[in-house]
1. Taking R0 as 25 Å, what FRET efficiency do you get between T72 and A171 from their Cβ-Cβ distance, rounded to the nearest 0.05?
2. Given a Förster distance of 35 angstrom, what is the FRET efficiency for H156 paired with N52, based on the Cβ-Cβ distance and rounded to 0.05?
3. Which of the lysines could a cross-linker span from K86 if the Cα-Cα distance has to be under 17 Å and same-chain partners fewer than 8 positions apart are dropped?
4. At what distance in angstrom do the alpha carbon centres of the range 61-95 and the range 144-172 lie from each other?
5. Count the net charge of all other residues whose Cβ sits under 13 Å from the Cβ of F161, scoring Lys and Arg as +1 and Asp and Glu as -1.
Amino acid sequence: MEASVYRQHTAPSELYGQILDFLHRYESHRQTEPSRLRAMIEDEETGSRVGNLTVVNAIQCIGRHEPINGTTIAEKIGLSRAGVTKIGTRLVREGLVKRERMRHNRKEIYYRLTPAGREVFDTHCELHEREEERFRTFLGGYSGEQLAFVGEFLRHAGAEFERQQLSMENAR
């Protein structure tokens, strides 16, 4: 992007509006998942519903780290153990993962993908790769200095969101 396109000063209220607009557009974009993945998540004919993107993220975690136990899945994707157990039960019922016990540790349950789960995993990886490539192409129009500023801004904004979340939780 040409430097002349950018104004020197943007009012904070205008910037706030632009950020809100961006977040709304991003949310809308995320809700319109590509049809191949959506078809795997929800089978309209049978009414079977594997779940949402959290469930797909659990499949992604299992696929990357299998065999993997529930505690590790919970840590990696930020869910409770109970949440992972619930998702695991659903994924087993839908035929996307299987539970097994290891020979060296018969008490702990580990998860692995089935061939159907591997298909969801592979499709999800392909979609991420295509999205990343589109994003890299988009970013190619910006200078290193501009990208460094955006990166710094996002780190600070993320830290501020986290600080506000902790503040709200402590106020309860």
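1. Details: r = 32 Å, r/R0 = 1.28.
Efficiency, from the Cβ-Cβ distance: 0.20.
2. Details: r = 30 Å, r/R0 = 0.84.
The value I calculate is 0.75.
3. K76, K98
4. 28
5. Working: positive: R155, R163; negative: E160, E162, E169.
Result for the local shell: -1.
The numbers here are math on the coordinates, done by the rules we state, and not lab data. Because the structure is a prediction, the values reported are computed rather than measured. Here Cβ is always computed from backbone atoms with ideal geometry, including for glycine, and neighbour counts include all displayed protein chains.
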